[in-house]
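Trainee: The structure is given below, and queries will be raised subsequently.
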Amino acid sequence: MLSRRSVVIVEDHALTRAGLRTALSSRFDVIGEAADGITGWDTIAAKKPDVAVIDIGLPGMDGIALTHRVRHELPRTRVVIVTMIDIEQEVLAALAAGADAYCLKSADPDRIVAAVEIAADGGAYFDPQVAHVVLAQLASGEPSKVADSPLTARETQILRLVADGVGNNEIAERLNIGLGTVKGHVRDILDKLAASDRTQAAVLALRRGYI
């Protein structure tokens, strides 16, 4: 039997922390908790979890600074931001710091658990309420050249259109291929990128320079 992946929760509100612990314990081993950023770093550094679930508004060291430190000093630990904040600047700051997922606390607990699973599997997740901000920011920069993209040339072409907000029907028309073929390519893209949906696939591909 495979061991469950481990999680550390860094959240200053006790009730919210308890709720996250309850939700995540169904799929993960919660091996540590902290109520501030400084203790959070000490706990994460000591425990080296698969995933760190971090709030933004932490005392001592805020969640953005904590995320940045985790990403640079513990690159194997994935970071999921869980917060009440959906302000554009905060979303982009989390992205710049290296967060793998961004969830709102108002989301259904199952969605938060799914986001942690996606991050643990190497994927990216951004709440649908903020994903458009991430896509717009990433798409505005020059894509980096990545030699080891898992996507084929056709999949890359389709995902670029997805990132531009083009639907399946229009993609089929533009590329002169069948709708079923487009859907098949999209399924393959989601599988290769361990993404939950089209938006998350586009976010992950843009971050990694695949498109």
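Trainee: Which ones in segment 81-96 are under 12 Å from the mean Cα position of the chain (by Cα) and either free of Cβ contacts under 8 Å to residues at least 40 places away in the same chain or in a helix (DSSP H, G or I) (or both)?
Mentor: Result: 81, 91, 94, 95.
Trainee: Examine segment 22-40 for a residue that is surrounded by fewer than 23 Cβ atoms within 10 Å (Cβ to Cβ) and over 24 Å from residue 107 (Cα atoms), and state whether such a residue exists.
Mentor: yes
Trainee: Going by what's in this entry, would residue 65 be described as under 17 Å from residue 11 (Cα atoms), in contact with a strand residue (DSSP E or B) (Cβ under 9 Å, 6 or more places away or on another chain) and modelled with pLDDT of 85 or more?
Mentor: On the way: under 17 Å from residue 11 (Cα atoms): yes; in contact with a strand residue (DSSP E or B) (Cβ under 9 Å, 6 or more places away or on another chain): no; modelled with pLDDT of 85 or more: yes.
Against the criterion (under 17 Å from residue 11 (Cα atoms), in contact with a strand residue (DSSP E or B) (Cβ under 9 Å, 6 or more places away or on another chain) and modelled with pLDDT of 85 or more), residue 65 does not qualify.
Trainee: Six or more apart or on different chains, Cβ atoms under 8 Å: show the pairs whose first residue is in segment 184-197 and over 15 Å from residue 163 (Cβ atoms) and whose second is part of a helix (DSSP H, G or I) and of a type in the set (Val, Ile, Thr).
Mentor: As it stands, the answer is 194/118; 196/118, since those pairs meet every condition given.
Trainee: Identify all residues within segment 111-149 that are basic (Lys, Arg) and modelled with pLDDT of 80 or more; write none if there are none. Let's see the steps before the verdict.
Mentor: From segment 111-149, those basic (Lys, Arg) are 111, 145; that's our starting set.
Scanning segment 111-149 gives a single hit, 111.
Trainee: On to the next question. Hey, among the residues in segment 41-61 that are under 19 Å from the mean Cα position of the chain (by Cα) and among the charged types (D, E, K, R), which one's surrounded by the most Cβ atoms within 10 Å (Cβ to Cβ)?
Mentor: 55
Trainee: Assess whether residue 102 counts as being at pLDDT below 85 and either in the same structural domain as residue 15 (by TED's automatic domain parsing) or in contact with a Gly (Cβ under 6 Å, 6 or more places away or on another chain) (or both).
Mentor: Judged against the criteria, residue 102 is not a match.
Trainee: Filtering segment 150-202 down to residues that are more than 25 Å from residue 102 (Cβ to Cβ) and hydroxyl-bearing (Ser, Thr, Tyr), which residue is modelled with the lowest pLDDT?
Mentor: Residue satisfying both the conditions and the ranking: 152.
Trainee: Going through segment 1-21 one residue at a time, which ones are touching a helix residue (DSSP H, G or I) at 6+ places or on another chain (Cβ under 6 Å) and surrounded by fewer than 21 Cβ atoms within 10 Å (Cβ to Cβ)?
Mentor: 5
The values are calculated or read from the model by the stated rules, or taken from the named source; none is laboratory data. The structure displayed is predicted, hence computed values, not measured ones. Neighbour counts run over all protein chains shown; Cβ positions are idealised from the backbone, glycine included.
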